[in-house]
Structure formats: structure tokens, C-alpha cells
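Report on the structure given below.
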Amino acid sequence: MNTRNLLTIVFWSLLYVVLQVLLFRNLVLFHYGFCFVYVATILLLPFDISAVALLFTGFGVGFLVDIFYNTPGMHAAATVFTAYLRPFALRLLTPQRGYEDRNEPLIGEMGLSWLLTYIGLMVFLHHAVVFFIEASNWALWLPTLGKVLVSTLFTTTVITLLHYFRKS
Amino acid sequence: MDQLFAFIVRQRAFIFFVALEVLSLWCFFKYNNYPSAVYFNTANYYAGRLLEWQTSATQYINLRTVNSGLAEENARLHSQLAQVQNQQLSGINYKADSAVASRFQTLVAKVINNTVDQRNNFLTIDKGTADGVQPGMGVISATGVVGKVKTCSEHFSVLTSVLHSENMVSSKIRRNGEIASARWEGINPDEISLLYLSRYKSVELRDTVVTSDLNSVFPGGVPVGYVYRLKPSADGAFWDIKLRLATDFPNLAYVYVVNNRLKTEQERLEAEANPK
């Protein structure tokens, strides 16, 4: 990884968090559709990043978002969980040619259907943890599951669309 | 020993994963149950400044709603004033001590952060300990109750809104003075439940529910909501009542922090009388 790549990654990570805090935090569809676009920060890191670095990035980003939601630890827990499962998800979704000639989970390298599956799966896991921790109560499981599904669709769409700008 | 070390190195991702999860969840549940430090929420100086700046850029959007709320408040205060002037000479022989009568002081604050869609909702206002705000104070808006101060930094405070699972508001029906408790059920930000009102007490649709005098946080008589759904509860012992919230939470712009100057005195006295 050269310096230019690193700078690009840091720039996009900051952008995702800023978008989350200033824009998507105030944009909730019908009290059910939330967009946690900041998850993209850990989803779109290069393939060769170490598992430990991934965990700490996830914790840092999650905690920063938590400060603005007044939920210290909730987004951090969900993001660390997602970061831990990322290597397993990548192994599960290994394309036929493997990852040898590819560096990052971006559309130019992986194709749209792979990307949608990967982002959708990870975002679903993340949102499930966020909303079930938030509810802290199984009595509300139906509305919570509704939130998870609607928000997964919303976040996956936004991350995929934003990611087209990142490609260039 | 070498084997143990090799094991730790091999499993380091898993170990860090568990450690970070424990840390996060501990923070989360501790924060929800106890008053906590001000660094990791929106009372934080930098977070507060950022939100203040964001609010100053977007506050013009809901001016229309803010105005109608203020007009409504004016109308209500006018009618109360007329009522007080009429009542003063007649009626029962009760005169409040001037310190008790003037125990509530209000301070205007601007809402710089507000959520209504989380399970537990918080607001951030731009007044803190420097302006005399302390944890535990009540907060009301032009149209009704808002919440309770949770933590303060020097210039900002975080409130738990009425839309928070831990907040119960001691309420009464204005028409007949029946006492009950209002609590949010966690889904709809326009609606709150009124609990523990016996089936044998009278309540009607469109009754106004206000804060009772049995709490030291809010002044009595601040609107909580208006009855709009009413049926006997499943076990038949209580009413199942839903209120339309008096405060329009999604469009909240300015609030009043209420300082009860005799709160400590009242609570100390109650604690002395009933030691736990």
C-alpha cells in the first residue's frame, strides 16, 4: 500500500463519518429507515489489512459515531462485531478466481453482484446488533426486526451509490 | 509458557475482539443506568460546538412550527392569568409562602441536537453549569414537558427526553385531578401511554393530562398530552390510555430549563422522614 492509497482511504473514512454525523443522523425514513453509512469505513478497507487493525478501526469509528448519538459503546460494539466477521465473510464469498489480483472490495475489481451481496450481508449483521442492543428487550422484537430490514436496504443502497464516486 | 504465548499470538484477533466488545457493552449499559462523565456524549465541548454550528445553519426550517407553539403558549398563559386573578380573593384559605410560590425559575435554552427515533432519546441544549443548569432539573417547552437533565458540561447539557424508557412523568387529568404516570412505549414519537389509572376513575377522550404536583422536577400543570385512545386494559383493572404528546418533539427548537430552588430541601426532608 503506498502513501497515496493510504491518504485516499483516510479521506473516505473521514467523509463517511462526517456524512453520518451531519447528514444521515437527521435523515430517518418513517421512524424505521436509518442509514448508518459509516459502516462503509470498515467494509471497503483493502483486503490485505490485518484483522487486529480492522478491529481497532471499527472500535474507533463506532465510538466516534456513538458520541453524537449519546449511546457510548453501542455503535462501537456493532462495528467491532462486523469488523471481526469481515474476514470470515470474505472467505465465504471468495470468487472463483480468488482475491489474488484484487486489492480492495470496490466495483471495478469485484463486480456489482458480488459487492451487493457482500455489503448487504455485512450491513445486515451490523444493523441487527445495533438495533437489538438498542432495544435491550425481546418484547420489541418485531418492530426491531422491521427497523433492521428497512435500514439494511437503505444503508446498502447509500453505500453502493456513494461507492461509485469512490471508484474514480 | 511458549505454547501459551504462541496461542495468544495466534488468537490475538479473537482476544482483541472479545476485549473491545466487553469494553463497548460495559460503556453502553453503564451509561444508561448511571449518570456518567461528559466526555463521551454530546455535552462534550467539541461535539457541542459542531452541533451548535449545524443548528445555526438549519434552524430556519422549522420557524413556522416554533411560532405557532409560542402563540399557543401565550394563549394558555393568558387564560391562566385571568383565572388566577379571579381566584385570588375567593376560595379556600390557603396562601403559599412566597419562597414556595416562587420556587420554580426558568432559563431559556436552544436545542442543538435532538433524536426521536432511537429507543432511548436524548436532547442536547446550549446551556451548561456556567448558566446554572444542574443534572436532575426538569425541562419544558412552550407546549408541554420535554425531559430531565442527565449530564452537564460547562456550556452544554444532555437531557433524557420524555421519549426515553427510564423517564416516567407523574401526571394528572386536569379535569378531575386523577393521578397517573405517563411513560413512552418506544415506537411512536407522537404518542405516550398513561399507566396505572384505575378502571373506576373517570377519564374521557380529549381530556388534557398535565404534570401533577407530586414531583419535584416539573412544576404542576404543564401539559403532557391529550387522551386520544381509550379502552379498558386486558386484565380489566386499569384503563389503557394513549396520549397525543403535547410537545412536538421532532420540531423542538427552544426549551425552558426549570430550576426548583427548594428541590434539595424537599428531597432531604423526604429522605429524613423515610430513610432507606
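Going by the structure shown, is A:D101 touching a helix residue (DSSP H, G or I) at 6+ places or on another chain (Cβ under 9 Å), modelled with pLDDT under 90, buried (at least 19 other Cβ atoms within 10 Å of the Cβ) and among the charged types (D, E, K, R)? When the stated conditions are applied, A:D101 does not pass them. Applying the criterion of at least 2 residues that are under 22 Å from A:L44 (Cα atoms) and charged (D, E, K, R) to the helices (runs of 4 or more DSSP H) found wholly in the stretch A:105-168 leaves A:141-167. Counted as qualifying within the stretch A:1-100 are the helices (runs of 4 or more DSSP H) with 3 or more residues that are under 17 Å from B:F14 (Cα atoms), namely A:51-69, A:74-92. Taken across the stretch B:200-211, residues that are in a loop (DSSP other than H, G, I, E, B) and buried (at least 22 other Cβ atoms within 10 Å of the Cβ) do not occur at all. Of the residues making up the stretch B:142-188, those that are of a type in the set (K, R), part of a strand (DSSP E or B) and over 17 Å from B:N41 (Cβ atoms) are B:K172, B:R183. May I ask you to list the residues in the stretch A:60-82 that are facing chain B (nearest Cβ under 8 Å) and more than 19 Å from A:V18 (Cβ to Cβ)? Residues satisfying the conditions are A:P72, A:G73, A:M74, A:A77, A:V80, A:F81. B:D248 falls short on exactly one of the conditions (1) under 18 Å from B:A142 (Cα atoms); (2) of a type outside the set (S, T, Y); (3) in contact with a Phe, Trp or Tyr (Cβ under 7 Å, 6 or more places away or on another chain), and that condition is (3).
Table: residues versus (1) charged (D, E, K, R); (2) farther than 26 Å from A:V65 by Cα; (3) over 14 Å from the mean Cα position of the chain (by Cα).
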| residue | (1), (2), (3) |
| --- | --- |
| B:V116 | no, no, no |
| B:G138 | no, yes, no |
| B:C152 | no, no, yes |
| B:R175 | yes, yes, yes |
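The C-beta contact set for the stretch B:8-36 (first residue at pLDDT 80 or above, second residue outside any helix (DSSP H, G or I) and surrounded by fewer than 12 Cβ atoms within 10 Å (Cβ to Cβ), distance under 9 angstrom, 6+ apart or interchain) comprises B:A13/A:S50. Evaluating A:T41 against the criteria (1) on the phi > 0 side of the Ramachandran plot; (2) more than 8 Å from chain B (Cβ to nearest Cβ) leaves one unmet condition, (1).
Checked against the criterion of being in the same structural domain as B:G144 (by TED's automatic domain parsing), modelled with pLDDT under 75 and either of a type in the set (S, T, Y) or over 30 Å from A:A139 (Cβ atoms) (or both), the stretch B:101-113 contains one or more residues that satisfy it. Is it the case, given these coordinates, that A:F36 is within 22 Å of A:Y118 (Cβ to Cβ) and buried (at least 24 other Cβ atoms within 10 Å of the Cβ)? So A:F36 fits the description; yes. When the stretch B:164-199 is limited to residues that are in contact (Cβ under 8 Å) with a residue 40 or more places away in the chain and on the phi > 0 side of the Ramachandran plot, the one that is surrounded by the most Cβ atoms within 10 Å (Cβ to Cβ) turns out to be B:G186.
Among the residues making up the stretch B:216-240, those that are of a type in the set (V, I, T) and not in a strand (DSSP E or B) are B:V217, B:V222.
The values are calculated or read from the model by the stated rules, or taken from the named source; none is laboratory data. Owing to the predicted nature of the structure, the values given are computational and were not obtained by experimental measurement. All Cβ positions, even for glycine, are placed from backbone atoms using ideal geometry, and neighbour counts span all protein chains on display.
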